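Encoded as structure tokens, the structure appears first; notes follow it.
The values are calculated or read from the model by the stated rules, or taken from the named source; none is laboratory data. Quantities reported herein were computed from a predicted structural model and do not represent experimental measurements. Neighbour counts are summed over all protein chains in view; Cβ atoms, including those assigned to glycine, are modelled from backbone coordinates with ideal geometry. These area figures cover heavy atoms from the full protein model, side chains too; ligands, DNA and RNA do not enter into them. Shrake-Rupley method; radii C 1.70, N 1.55, O 1.52, S 1.80 Å.
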Amino acid sequence: MIKRKLEEQLKSQFHISSFRPGQEEIIQDIMDGHDVLAILPTGSGKSLCYQLPASLSEGLTIVVSPLISLMEDQVKQLKAIGFKAVEALNSFMDPREKRRVLQQLDQYKLIYLSPEILQQKDIIGRLKQITVDLLVIDEAHCISQWGHEFRPDYLRLGDVLKQLHDPAVMALSATATKEVQHDIIASLDRPDIVRHIYPMDRENITFTVKKVENDRQKQDTITRLLKRYRVPTLIYFSSKRKTEEVAAVLSKHLPSHRIAFYHGGMDQLDRVAIQQQFMNDQLDIICCTSAFGMGINKQDIRLVLHYHFPLQIESYLQEIGRAGRDGQSSVSLLLYSPGDEALPKSIIANELPQADDADQLFRTLYQLYLKEPQLPSTDKVLDLLEVTEIQWRFLHYQMEKHGMIKNNQLVFQKQDWEQSIREIKQFMIARAALKQRKLDEITSWIHEERCLREHLYKGFQNNYKSPTYACCSNCGFSFKNWVPEQTRAEKTIYSWETKLKKLFFIGDYDSETK
Amino acid sequence: MLFDYIVISCCSRFRDGRSISAVYHLLKGKRSIQTVQDSHIYQLNHFYGIYPTLQKQDFDEQIHKLVDDSLLVLNNDNTAALTDSGQHLLHRQANHGIVHYFNGMDYYQKAPVFLERLLLLIQTVTNSAENNFQFIPVIDKPIITNWVKKQYHQLRHHQAVFRSQLYKELYQLLQCCSETEANIFVDSLSGYNHYGMSSFQIADSYGLKRVDIPLVKTAMIHQMLSIITRNTTAYPIFARFFHDLPQASGITNSASKTKELLDKQYSAEEIAARRHLRLNTIYDHVVEIALYEDEFPLEQYVTTDKQSEILAAVNDTSSYKLKDIKWKVSETISYFQIRLVLAVEKIS
Ligand SMILES: Nc1ncnc2c1ncn2[C@@H]1O[C@H](COP(=O)(O)OP(=O)(O)OP(=O)(O)O)[C@@H](O)[C@H]1O
Ligand SMILES: [Mg+2]
Ligand SMILES: [Zn+2]
């Protein structure tokens, strides 16, 4: 009976004819009121696992999601298929708009929000007034991967759950090691969570690593490769500036390709434009940072290149997970040149305060306390302590946890401070070591001489499916034998009059005469 | 280029009377009495509010470039002066066609709404022509989407006619622009399975500067609005766009409360006490009201004698710096009274 109802809703609301592996079981468990931790491959349809129950449920489902663009994208797509009781709340939205959504909160079935906004008193207060049936944590590995310094509010989700009178929880991820799964369960404090862990290897992706001498050779390699293949392509970078630079170089050398760049420093409208053009096949290549990707759901991305390698295997898996969602043969190519480790190292250093500097930091904070316990504005603190914003967020969270900051006021007790500082320093050292270990993991994978597939997944699962197409560059893959379907689009320049006619289907383009 | 030209011409009008950030506020269309008054006094109404999306950071960066290129010099008090090459550029580009499209004070509120309605309407009618109702809208602000929905519902039975009429009207309007302008505009439109170019893509493909693109689009919209206003019968669809466009509301909310009380014959001091505001704030409101009122009772605040004294001082100094004027007039005349006279006379 229930099963029939689920299938009906699947067809009528989502226009999907049957479930994919795992989806039905997960949805059943959620409908029965269980908590669920689900690990499924990228592109396997995790969103549906909460969207379908939300569309059938009386109360509200809230989804905690790490990226604004990701939330907005999902909301737009749901509205486009006619599921309208959906909205996204984020810290950047117009306050009037936010108030409107909050006032009518009981009319929604699904609300996407960021972990930061869940810390705002008005939001939590309002959520408490209505029934939250289900709290979903998408990309749940963020709880562990980023939680400690980058996004401390992810660590406060356990607390949010209590405040909301313990709704059911669903944690979703495509890239969670056993260790991370542990972290997730512990920080949510739901030991009885039902686990749906599926192998997350992608059998239609071929893994390749190419070592070159320098930047110049990276660009030459990319140019040569893309001259041969005109297919939907993503190129990942760790630096915003570099996305623009290389996009310009490629545009010069590949005049027939349509190339753009995308990074978090661009304004919202520009980002939407690039993303939608890519979705509509108006662009061939996007040079992007990790801001592009998560949740991007284009079926036929054939090539994912890495100009810089990410800080850890998890991020790499996320990024290559954009490729080949249609199941067709797709290739990941990571380019490495000696000295490439410097960039990720400096990114890590920027994220964490150095344990060596800790004593000086706390001395400055103590002096601040003597003058005035109330913390000044964030800008002032950053100036005073000479730390980055991410470092301060880490410190602030740690100090709060140790009772050294309460309600944005410094609280001083000599003995407690000494003890806390020792603990915080220990913790910094441990975190730095962990990050270094993650970095070592990916660099040693890059230098692996045996099967790349086997060693890529070994930290996540014991086995992997045999690849549908070629396995990896260490198992004999060569681009010579790779013949994906190419994009045909012409790049003709029309007059504005013709462009306008085409847009409106006028004259030769009039669809009504068809 | 366009941006540079506009900044330079603002600076040349302000001379050393206003700091460089006054230019920023003017382009952003800041709703402060100071900015509105500046725009009247220095005859910069056409540039008021033409760049609402301008970021301070980008503005500063452009100013630095102008200084580096020796077109502007920044003085210690943050006022800006034109160099000889700045002057040269100003004269060389004075006939730059597109600059004459701007009519900021009349259109600064209408233009963005008009553009957004147009963008979404085009996307909607072209998609529905292909029976596609699952597209991701280019604009998702409720006030815009609701308006487009309403139009669409009224017209859905005559879709084909509506679409070709919309095309015809847009075509006519674009013919009044230059070739490049028309291209830029059409490239930024979205339709069925087609998403318009972003500002930086347009800048790249036409070899323009990124900061200029929003200005080009705004200028074109201003031009379109004035063509349509002059001949509504030729543009039946666009005339509908006018029905509920925001009115140039003139004064700010707070000032309009003050005006209500003034109309009830409360004095400025009484209003300040009643509203728990500083007297100077109420004076600001009065000046703001004076700017927009055609029949402002100036005599209630400044005697005719004092008015002429102030006007004489203004002519004498030929600067609009309040300090200079104040220095020339008798001590009993306040800054408030000077500002009021300037406002009423819409002095330039
Ligand atoms: N049962 C199904 N049958 C067909 N298509 C489906 C099914 N379930 C989901 N999809 C589609 O699969 C695509 C990918 O889904 P989704 O974005 O939820 O993936 P995901 O698992 O969240 O991936 P990622 O880890 O990359 O975020 C979507 O287009 C979705 O509509
Ligand atoms: Mg997902
Ligand atoms: Zn292999």
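Applying a threshold of 32 Å to the alpha-carbon distances of B:K30/B:K321; A:K46/A:K406; A:K252/B:K168; A:K501/B:K65; A:K46/B:K217; A:K109/A:K435 flags A:K46/A:K406; A:K252/B:K168; A:K501/B:K65; A:K46/B:K217; A:K109/A:K435 as lying beyond it. For the charge dipole of segment A:224-303, defined by +1 on Lys and Arg C-beta atoms and -1 on Asp and Glu C-beta atoms about the Cα centroid, which residue among A:Y229, A:S290, A:L269 has the Cα displaced farthest towards the positive pole? Going by the charge dipole, the pick is A:Y229.
Taking B:K110 as the anchor, which aspartates and glutamates have their alpha carbon closer than 12 Å to its alpha carbon, excluding any fewer than eight residues away along the same chain? Excluding near neighbours in sequence, the set is B:D244.
Shape analysis of segment A:2-197 yields a ratio of the Cα radius of gyration to the Kirkwood radius, Rg/Rh, of 0.93.
When all protein chains stay in place and ligands, DNA and RNA are ignored, the 1.4 Å accessible-area order of B:T303, A:T388, largest first, is B:T303, A:T388.
Take every DSSP beta bridge whose two residues both sit in chain A; close to 5 percent of them are antiparallel.
Put a plus charge on the Cβ of each Lys and Arg, a minus charge on the Cβ of each Asp and Glu, and nothing anywhere else: the dipole of segment A:289-439 about its Cα centre is then about 320 debye. For A:S238, the accessible area of its heavy atoms, probed at 1.4 Å with every protein chain present, is near 50 square angstrom. Using a probe of 1.4 Å, the accessible surface attributed to A:R156 totals some 50 Å² when neighbouring protein chains are kept in position. Dipole magnitude for the protein assembly as shown: about 1380 debye, using +1 per Lys or Arg Cβ and -1 per Asp or Glu Cβ, origin at the Cα centre.
Looking at the protein assembly as shown, I'd like the Rg to Rh ratio, where Rg is from alpha-carbon atoms and Rh is Kirkwood's inverse mean 1/r.
On the way: Rg = 30.8 Å, Rh = 31.1 Å.
Reported Rg/Rh (Cα atoms, Kirkwood Rh): 0.99.
Working from Cα pairs under 8 Å separated by at least six residues, relative contact order for chain B is 19 percent. Under the simplified labelling scheme, the B:E130-A:M93 pair shows an inter-label distance of 2.9 nm, with each label point 7 Å from Cα along Cα→Cβ. The helix-only estimate of mean residue ellipticity at 222 nm for chain A, built from DSSP H runs of length n ≥ 4 each weighted as -39500 (n - 2.57), is -13500 deg cm²/dmol after division by the residue total.
For B:V148, the solvent-accessible surface with a 1.4 Å probe is about 10 Å², rounded to the nearest 10. Straight-line cross-link partners of B:K326 among the lysines, defined as a Cα under 20 Å from its Cα and at least 8 positions apart when in the same chain: B:K306, B:K346.
A quarter of the convex hull surface defined by the alpha-carbon atoms of chain B gives 21.0 nm² as the mean projection. Give me the percent of accessible area attributable to carbon and sulfur for segment B:253-345, probe 1.4 angstrom. C and S fraction of accessible area: 46 percent. Which of A:N90, A:Y154, A:A168 sits closest to the plus end of the dipole of segment A:52-186, meaning its Cα is farthest towards the positive end, when Lys and Arg get +1 and Asp and Glu get -1 on the C-beta? After comparing all options, I get A:N90. Looking at chain B, the accessible area is 47 square angstrom per residue; that uses a 1.4 Å probe and ignores ligands, DNA and RNA.
Our summary gives chain A a relative contact order of 15 percent, counting only alpha carbon pairs under 8 angstrom and 6 or more residues apart. The charge dipole of segment B:253-345, taken about its Cα centre with unit charges on the Cβ atoms of Lys, Arg (+1), Asp and Glu (-1) only, comes to about 460 debye.
The angle separating the long axis of helix B:110-129 from the principal Cα axis of greatest extent in chain B is about 10 degrees. With R₀ set to 51 Å, the beta-carbon distance separating A:S18 from A:S256 gives a calculated FRET efficiency near 0.80. Across B:M197, B:M1, the residue with the most accessible area heads the list, and the full order at a 1.4 Å probe is B:M1, B:M197. A simple spin-label model places pseudo-atoms 7 Å from Cα toward Cβ; at A:I493 and A:Q268 they are separated by 3.5 nm.
Computing FRET efficiency as 1/(1 + (r/R0)^6) for A:D159 and B:T252, where r is the C-beta to C-beta distance and R0 is 56 Å, gives about 0.85. The mean sequence separation of alpha-carbon pairs under 8 Å and at least six residues apart, normalised by the residue count of segment A:114-231, gives a relative contact order of 25 percent. A loss of 30 Å² or more of accessible area (1.4 Å probe, protein heavy atoms, ligands and nucleic acids excluded) relative to the isolated chain is seen in these residues of segment A:72-114: A:K76, A:A80. Taking a ≥ b ≥ c as the square roots of the eigenvalues of the Cα gyration tensor, segment B:110-241 is classed as oblate, since a/c reaches at least 1.5 and a/b does not exceed b/c. Using 0.36 nm per residue and subtracting the Cα-Cα separation, the extra length available between B:L311 and B:Q159 on full extension is 48.7 nm.
Modelled label positions at A:Q299 and A:A342, each set 7 Å beyond Cα in the direction of Cβ, lie 4.5 nm from each other. Springs between alpha-carbon pairs under 10 angstrom, Gaussian network model over chain B: which of B:H91, B:H243, B:H46 fluctuates most? Looking only at B:H91, B:H243, B:H46, the biggest GNM fluctuation is shown by B:H243.
Helix-derived [θ] at 222 nm for chain B: sum -39500 (n - 2.57) over DSSP H runs of at least 4, divide by residue count, nearest 500? The helix-only estimate for chain B comes to -19000 deg cm²/dmol at 222 nm. Indicate, rounded to the nearest 5 percent, the antiparallel portion of the DSSP beta bridges found entirely in segment A:26-136. Of those bridges, close to 0 percent are antiparallel.
If I take R0 = 41 Å and measure r between the Cβ atoms of A:I2 and A:E454 in this structure, what FRET efficiency does the formula 1/(1 + (r/R0)^6) give, to the nearest 0.05?
Result of the calculation: an efficiency of 0.50.
Each 5 Å bin from zero up to the one holding the largest Cα-Cα distance in segment B:2-95 carries the following percent of pairs: 3, 15, 27, 27, 21, 8, 1.
The lysines within cross-link reach of A:K480, meaning a Cα-to-Cα straight distance under 20 Å and a gap of 8 or more places when in the same chain, are A:K210, A:K211, A:K218, A:K227.
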